[in-house]
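Quick notes on the structure that follows.
Just so it is clear, none of the values below were taken in a lab; they were calculated from the coordinates. Quantities reported herein were computed from a predicted structural model and do not represent experimental measurements. A quick note on method: Cβ atoms are made from the backbone with ideal geometry, for glycine too, and the neighbour counts reach across all protein chains shown.
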Amino acid sequence: MKMILAVMPTNLSDEVSKALLDDEYRVTKFASTAGILTGGITTLMVGVDSENVSNCLDLIREQIPPRRTDRFVPCSCDYLCLKT
């Protein structure tokens, strides 16, 4: 048995949890906070059998749109800054 913690913006969590539940995964959803990300953050906690980990991760990835990397540039001190 493995535990997957998927941290995502709250607006994506309903679609992801619905997809996981439709595939008969059991999901626990809770609000979380992060210093670098603004807005609502949700963490999904999914317990899966070891042989189903990659299938579960693929299902989660399918529900989350690709991130726009052109908005962020790396800065010193391992922080990300918004382009102006």
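Given labels modelled 7 Å from the Cα in the Cβ direction, how far is it in nm from M3 to S50?
Using points 7 Å along Cα→Cβ, the separation is 1.8 nm.
State, to one decimal in nm, how far the label point of I41 lies from the label point of R26, with both points 7 Å from Cα in the Cβ direction.
So the label points at I41 and R26 sit 2.7 nm apart.
Provide the net charge surrounding E62, with neighbours chosen by a C-beta distance below 13 Å and charges set as Lys +1, Arg +1, Asp -1, Glu -1.
Values: positive: K18, R61; negative: E15, D22, D23, D58.
For residues surrounding E62, the net value is -2.
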